[in-house]
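Below is one structure; the comments refer to it alone.
The values are calculated or read from the model by the stated rules, or taken from the named source; none is laboratory data. The shown structure was predicted, so the numbers you read here are calculated from the model rather than taken from an experiment. Because the Cβ atoms are built from the backbone with ideal geometry, glycine has one as well, and the counts that use them run over all protein chains shown.
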Amino acid sequence: MGFFSSVKKLWGGDETVPQTQAQADSAWRERLAAALEGGKPRISEWLAVLLDGVSGAGEPLNERLRFLFERLDAPAAEAESFITEFADWAQAMHLNDAEAFRSELRYRLILALDLEQEEEERGNIFRKFAAGLAKTKERMTQGLGALFGRTGELDEVFWEELEEVFLTADVGAEATRKLLANLRKRAAGMGVREASRFREVLSAELEELFPLPKKPKVAAPPEVVMMIGVNGVGKTTTIAKLAYRARLQGRKVLIAAGDTFRAAAIGQLEVWAKRVGAGIFAKAEGSDPAAVAFEAVDKAQKDGYDLLLLDTAGRLHTKVNLMEELRKIKRVLEKKHPGAPHRSILVIDATTGQNALSQTKLFHEAVGVDEIVLTKLDGTAKGGVMVGVAINHKLPISFVGLGEKMEDLRPFVGEDFARALLGG
């Protein structure tokens with residue numbers, strides 16, 4: 001559910017937004033009211049009206065946002081909270097021009113109104129995803145294009161050349177063997193014997209390859225998410241981006257600085273927490289990480305947080321084994337808050353290719369992984385690592401990092417991966 005939990009019901013079938021406002025008394029009111037009519041939300045049309053002639057974040061924009069939220073039957077208190085937070089953010093970032101904050105306002109509205117799965121925004125996400133996969137596609141397309149363009153049958157030479165394409169894209173040797181076996185079976189099941197039709201087979205396999213993340217069972221708040229991964233993969237910024245998403249969806253978020261072996265990690269999280277509007281719990285450098293986890297849950301329970309994001313170490317500067325430290329944290333969380341951690345999210349860096357696969361194996365065997373966040377996809381030709389993770393470990397990839405901005409952490413969809421990589 002989005003920030004405005006009552007809004008989603010207004011779209012469906014041929015329903016229209018009810019007239020709850022007096023007859024429009026200005027051109028922008030008439031345009032915005034017209035844009036709100038019909039069964040499908042169109043965020044680009046709303047933004048065009050909201051920002052037309054608006055010089056910056058101020059009362060003229062606030063008035064238009066109030067009108068928008070009123071027409072969507074959003075709770076007044078939550079609407080005012082959204083407006084105030086956005087105005088404060090724009091002021092803090094010194095953004096006085098509407099075009100400078102257009103994308104930020106769009107992102108906030110999409111998450112607050114739960115529009116991420118709507119047709120228009122899905123298309124926007126797909127374009128970002130396709131751009132992020134451009135280098136991987138470039139590496140694979142030449143080889144795949146030659147194979148798809150063949151006129152012969154799926155003979156052994158074809159399969160050998162396909163194997164080379166996958167290995168080049170960092171799918172990994174073990175995953176490539178499994179993928180080829182799956183593709184042979186699928187091709188036979190689909191009755192495909194010609195190389196010219198193999199694109200259909202590969203597309204169908206990739207679309208079904210990636211499992212969906214399971215919704216965690218949380219008997220009582222807070223939901224506790226344990227963030228794991230080696231240093232340097234983008235774990236700290238990923239925590240910030242996840243906190244930001246959750247905040248815009250109306251959740252009260254606490255970040256716990258459990259990587260106590262690096263003073264820099266604690267300081268970075270404190271800065272990020274302030275920037276994204278989340279709470280922060282931290283202790284002195286060198287503190288027991290399990291104690292941080294225990295006390296953070298205690299704070300979250302007492303102060304009414306409904307999501308706790310717990311950072312953990314990616315490398316220890318002592319003789320203590322990292323995996324044993326993580327297992328200790330899990331035991332303490334379970335004891336303090338039965339059911340916790342409700343999710344363990346592993347952050348891996350797409351640019352590291354086979355190292356990312358090795359890290360996944362190591363962490364999953366040691367402490368268990370529920371989801372993967374793949375960072376830096378926009379800067380690598382090694383996007384095939386996603387296939388390796390899915391085949392070898394059957395782990396869902398929940399988000400992919402497509403850039404530096406908060407809005408560049410986006411949900412992963414297997415169907416989009418196949419379409420972006422293969423076209424069609």
*asked:* I'd like the full set of residues that are of a type in the set (Phe, Trp, Tyr) and closer than 16 Å to ASP114 by Cβ, limited to segment 29-82.
replied: TRP46, PHE69, PHE82
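The rows are residues; the columns are (1) of a type in the set (Gly, Ala, Ser); (2) within 24 Å of ASN124 (Cα to Cα); (3) part of a helix (DSSP H, G or I).
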{"residue": "ALA35", "(1), (2), (3)": "yes, yes, yes"}
{"residue": "LYS40", "(1), (2), (3)": "no, yes, no"}
{"residue": "SER44", "(1), (2), (3)": "yes, yes, yes"}
{"residue": "GLY53", "(1), (2), (3)": "yes, no, no"}
{"residue": "ASN62", "(1), (2), (3)": "no, no, yes"}
{"residue": "PHE67", "(1), (2), (3)": "no, no, yes"}
{"residue": "ALA74", "(1), (2), (3)": "yes, no, no"}
{"residue": "THR84", "(1), (2), (3)": "no, no, yes"}
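Matching residues to (1) closer than 22 Å to LYS128 by Cβ; (2) assigned to a helix (DSSP H, G or I):
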position: GLY339; (1), (2): no, no
position: VAL347; (1), (2): yes, no
position: PHE363; (1), (2): no, yes
position: VAL369; (1), (2): no, no
position: ALA381; (1), (2): yes, no
position: ALA390; (1), (2): yes, yes
position: GLU404; (1), (2): yes, no
*Give the number of residues within segment 358-385 that are of a type outside the set (S, T, N, Q) and at pLDDT 90 or above.*
15
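Out of the residues in segment 362-384 that are of a type in the set (A, V, I, L, M, F, W, C) and closer than 30 Å to ARG106 by Cβ, state the one that is surrounded by the fewest Cβ atoms within 10 Å (Cβ to Cβ).
Taking segment 362-384 and keeping what is of a type in the set (A, V, I, L, M, F, W, C), we get 362-363, 366-367, 369, 372-374, 377, 381.
Cutting the leftovers down to closer than 30 Å to ARG106 by Cβ gives us 372-374, 377, 381.
Details: ILE372: 28, VAL373: 24, LEU374: 27, LEU377: 28, ALA381: 19.
Taking the candidates together, the pick is ALA381.
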*Are any of the residues in segment 120-127 more than 28 Å from GLY383 (Cα to Cα) and among the basic types (Lys, Arg)?*
no
*Filter segment 137-169 down to residues that are under 27 Å from the mean Cα position of the chain (by Cα) and within 16 Å of LEU202 (Cα to Cα) and give me whichever is surrounded by the fewest Cβ atoms within 10 Å (Cβ to Cβ).*
LEU167
_Failed item, numbered, when GLU223 is tested on (1) in contact with a strand residue (DSSP E or B) (Cβ under 9 Å, 6 or more places away or on another chain); (2) crowded, with 22+ Cβ neighbours inside 10 Å; (3) acidic (Asp, Glu); (4) more than 24 Å from LEU115 (Cα to Cα)_ = (4)
_For the structure I just gave you, tell me whether GLU205 is in contact with a Lys or Arg (Cβ under 6 Å, 6 or more places away or on another chain), part of a helix (DSSP H, G or I) and over 21 Å from ILE43 (Cβ atoms)._
yes
*asked:* Please verify whether LEU269 is surrounded by 23 or more Cβ atoms within 10 Å (Cβ to Cβ), touching a Gly at 6+ places or on another chain (Cβ under 7 Å) and within 23 Å of ARG108 (Cβ to Cβ), treating the condition exactly as stated.
replied: no
*Would segment 86-101 turn up any residue that is closer than 25 Å to ARG251 by Cα and of a type in the set (Asp, Glu)?*
yes
_Please go through (1) assigned to a loop (DSSP other than H, G, I, E, B); (2) modelled with pLDDT of 90 or more; (3) of a type outside the set (A, V, I, L, M) for HIS94 and return the number of the only condition it doesn't satisfy._
(2)
*Which of (1) assigned to a strand (DSSP E or B); (2) touching a Gly at 6+ places or on another chain (Cβ under 7 Å) does PHE399 not meet, given it meets every other one?*
(2)
*Any chance GLU153 is modelled with pLDDT under 90, over 30 Å from GLU404 (Cβ atoms) and in contact with a strand residue (DSSP E or B) (Cβ under 7 Å, 6 or more places away or on another chain)*: yes
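Listed here are the residues, each with its yes/no results for (1) among the β-branched types (Val, Ile, Thr); (2) within 21 Å of LEU180 (Cβ to Cβ); (3) within 17 Å of the chain's Cα centre (by Cα).
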{"residue": "ASP370", "(1), (2), (3)": "no, no, yes"}
{"residue": "MET386", "(1), (2), (3)": "no, yes, yes"}
{"residue": "ASN392", "(1), (2), (3)": "no, yes, no"}
{"residue": "SER398", "(1), (2), (3)": "no, no, yes"}
{"residue": "LEU402", "(1), (2), (3)": "no, no, yes"}
{"residue": "GLY423", "(1), (2), (3)": "no, no, no"}
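Specify the residue that is surrounded by the most Cβ atoms within 10 Å (Cβ to Cβ); the eligible residues are those in segment 7-57 that are modelled with pLDDT under 65 and among the small types (Gly, Ala, Ser).
Taking segment 7-57 as the starting set, the residues that turn out to be modelled with pLDDT under 65 are 7-25.
Remaining after also requiring among the small types (Gly, Ala, Ser): 12-13, 22, 24.
On the way: GLY12: 9, GLY13: 5, ALA22: 7, ALA24: 14.
The extreme case among them is ALA24.
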_Among the residues in segment 227-242, are any crowded, with 18+ Cβ neighbours inside 10 Å, touching a Phe, Trp or Tyr at 6+ places or on another chain (Cβ under 6 Å) and more than 21 Å from LYS302 (Cα to Cα)?_
yes
*asked:* For the list (1) closer than 20 Å to GLY258 by Cα; (2) in a strand (DSSP E or B); (3) without any contact (Cβ under 8 Å) to a residue 60 or more places away in the chain; (4) not hydroxyl-bearing (Ser, Thr, Tyr), I need the number of the one condition that LEU374 fails.
replied: (1)
*Which residues, counting only those in segment 344-358, are surrounded by 20 or more Cβ atoms within 10 Å (Cβ to Cβ) and more than 13 Å from GLY234 (Cβ to Cβ)?*
SER344, GLY353, LEU357
*Out of segment 304-325, which residues are surrounded by 19 or more Cβ atoms within 10 Å (Cβ to Cβ), modelled with pLDDT of 95 or more and of a type outside the set (Asp, Glu)?*
TYR305, LEU307, LEU308, LEU309, LEU310, THR312
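Only one of ARG139, ARG122, ARG108, ARG127 is among the basic types (Lys, Arg) and modelled with pLDDT under 85. Can you tell me which?
After applying the criteria, what remains is ARG139.
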